[in-house]
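Working notes for the structure below.
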Amino acid sequence: MAFFDWLNAPLSGAADHSLAPWAYWHARWMVLGWGVLLPLGALVARFYKVTPRQDWPRALDSRAWWNSHRALQWAGVLAMSVGVWLVWGHGQGVSPLARLHGWAGWALCAAGWAQIVGGLLRGSKGGPGDPQLRGDHYDMTPRRLAFERAHKSLGCAALTTLDNLRL
C-alpha cells in the first residue's frame with residue numbers, strides 16, 4: 001500500500017494535493033491544444049495528402065486533408081490561447097522551474113501563432129489550379145518556398161520543444 005501512497009502523492013512532497021481551478025483548467029486546455037489537436041493536424045498533413053481511394057495522379061488536389069489540417073491547427077492554437085488566458089497573471093513569486101515552464105510556454109505560443117500568421121501569408125503553391133504558374137506543387141513562388149521551409153521547421157521545433165520541456 002505504501003507504493004500507491006507514494007504514486008498518488010504530489011511531486012512537491014506535500015501531504016495534500018490541491019490545485020487552483022485556473023491551474024488545472026490551464027493544463028487541460030494546453031493538453032487539448034498541444035497534446036491532441038496540433039499533433040493530429042500535423043499527422044493529417046503528413047499522411048493524408050493522398051488517400052487510398054483517391055484517383056492519383058489524376059486527382060491531385062484533395063481538399064479534405066487541407067481542411068482537416070487547417071481546422072485542427074486553428075483549434076489547437078485557440079485551445080492554447082484559452083490556456084494562456086487562464087494562467088495570465090498567476091505567475092508571481094514562482095519557482096525557477098515554473099519560470100522555465102512559463103518561458104517555454106511563451107515560446108510555444110509564439111510558434112503557434114507564427115504558424116497561423118504564416119499560413120495566412122503563405123502564397124501560391126502553383127500547380128494545375130493556378131493559371132499563373134506552370135508545373136505542380138514543386139513549382140512554388142519564392143514566398144511560398146520560404147513559407148514551406150519556415151512552416152515545417154517551426155512546426156517540428158515546436159513539437160520537439162514541447163516533447164522535451166514538459167514540466
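The values are calculated or read from the model by the stated rules, or taken from the named source; none is laboratory data. This structure is a prediction, so every number in the text was calculated from the model and none was measured. Here the Cβ is made from the backbone with ideal geometry for all residues, glycine too, and neighbour counts use every protein chain on show.
Is at least one residue of segment 59-67 at negative phi, surrounded by fewer than 13 Cβ atoms within 10 Å (Cβ to Cβ), at pLDDT below 85 and not in a helix (DSSP H, G or I)? Spell out the reasoning first.
Residues of segment 59-67 at negative phi: 59-67.
Those left that are additionally surrounded by fewer than 13 Cβ atoms within 10 Å (Cβ to Cβ): 59, 63-64, 67.
Among the residues that remain, those that are also at pLDDT below 85 are: 59, 63.
From what's left, not in a helix (DSSP H, G or I): 59.
Scanning segment 59-67, I find at least one residue that is at negative phi, surrounded by fewer than 13 Cβ atoms within 10 Å (Cβ to Cβ), at pLDDT below 85 and not in a helix (DSSP H, G or I), so the answer is yes.
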Q) Among the residues of segment 43-71, which ones are within 13 Å of Gly155 (Cβ to Cβ) and in contact with a helix residue (DSSP H, G or I) (Cβ under 6 Å, 6 or more places away or on another chain)? A) Val44, Ala45, His69
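Of everything in segment 35-55 that's part of a helix (DSSP H, G or I) and loosely packed, with under 14 Cβ neighbours inside 10 Å, which residue is farthest from the chain's Cα centre (by Cα)? Before the answer, list the steps.
Looking only at segment 35-55, we keep the residues that are part of a helix (DSSP H, G or I), and these are 35-47.
From the residues that got through so far, the ones that are loosely packed, with under 14 Cβ neighbours inside 10 Å too are 43, 46-47.
Details: Leu43: 11, Arg46: 14, Phe47: 16 Å.
Residue satisfying both the conditions and the ranking: Phe47.
Take Gly126 and tell me if it is under 23 Å from Leu154 (Cβ atoms) and modelled with pLDDT under 90. Please lay out each step first, then the result.
On the way: under 23 Å from Leu154 (Cβ atoms): yes; modelled with pLDDT under 90: yes.
Yes.
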